[in-house]
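Student: One structure, as structure tokens, below. Some questions next.
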Amino acid sequence: QVQLVESGGGLVQAGGSLRLSCAASGRTFSSLVMGWFRQAPGKEREFVAAISRSGLSVFYADSVKGRFTISRDNAKNINLQMNSLKPEDTAVYYCAADRDPTFSFSRHSRFSGYDYWGQGTQVTVSS
């Protein structure tokens, strides 16, 4: 079993920055593919970014390219640096992890591609 805990959410003005972190714990035997999703009020959960086990490969949603950066501290911890935040970025941000070591956009841009989910952290961007 794997548990994921997000942190770093909060309130920020448009144009500002915020850094989210996700820590994985529990019974894991190797690095995990990990990613970030977000869900705005009244909207479907959408893909934000994903990172391979090695941390050398990443995917981003078009809406956040050039503004957000996903990174890996180690096998079980990832971050999401969010710059130039917009009100449209307001959402609950969820960390996810997948036991499957094969990193692909088709799998890891979908919530069904992940085995574990955190509880989420609220990010609010004021205009």
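Throughout, read-outs are computed from the coordinates displayed, never taken from laboratory work. Note that the structure is predicted; figures quoted are calculated from it, not measured. Cβ coordinates were reconstructed from backbone atoms using ideal geometry, including for glycine residues, and neighbour counts include every protein chain displayed.
Student: How big is segment 1-74 on each of its three principal axes, counting only the C-alpha atoms and giving the largest first in Å?
Tutor: For segment 1-74, the Cα extents along the three principal axes come out at 40, 23, 23 Å.
Student: Let me ask something else. Just from the alpha-carbon atoms, what are the Rg and Dmax of the chain in angstroms?
Tutor: Reported Rg and Dmax, both Å: 13.5, 44.
Student: Okay, moving on. For segment 55-96, max minus min Cα coordinate along each principal axis, in Å, sorted largest first?
Tutor: Per principal axis, max minus min of the Cα coordinates gives 32, 20, 14 Å.
Student: Something else: Mind checking which of GLY8, LEU18, ALA49 is farthest towards the positive end of segment 7-63's charge dipole, using Cβ charges of +1 (Lys, Arg) and -1 (Asp, Glu) about the Cα centre?
Tutor: It is GLY8, whose Cα lies furthest towards the positive end.
Student: Sequence neighbours fewer than 8 away in the same chain don't count; with that in mind, list the aspartates and glutamates whose C-alpha is under 14 Å from LYS43.
Tutor: GLU88, ASP89
Student: Then there is this: Add -39500 (n - 2.57) for each DSSP H run of 4 or more in the chain, then divide by its residues: what number comes out at 222 nm, to the nearest 500 deg cm²/dmol? List each step's numbers first, then the result.
Tutor: Values: 1 runs with 4 residues, N = 127.
Using -39500 (n - 2.57) per qualifying helix, the result is -500 deg cm²/dmol.
Student: Let me ask something else. Given an 8 Å cut-off on Cα distances and at least 6 residues of separation, report the relative contact order of the chain as a percent. List each step's numbers first, then the result.
Tutor: On the way: 316 pairs, mean separation 45.0, N = 127.
Computed over the chain, the figure is 35 percent.
Student: Moving on to the next point. Treat every Asp and Glu Cβ in the chain as -1 and every Lys and Arg Cβ as +1, leave all other atoms uncharged, and give the resulting dipole magnitude about the Cα centre to the nearest 20 debye.
Tutor: Details: 14 positive and 10 negative charges, 33 e Å.
Charge dipole of the chain: 160 debye, to the nearest 20.
Student: How high is the relative contact order of segment 1-73? Use alpha-carbon pairs under 8 Å, at least six apart in sequence, and give a whole percent. All intermediate terms of the calculation are to be shown ahead of the outcome.
Tutor: Numbers: 89 pairs, mean separation 15.0, N = 73.
Relative contact order of segment 1-73: 21 percent.
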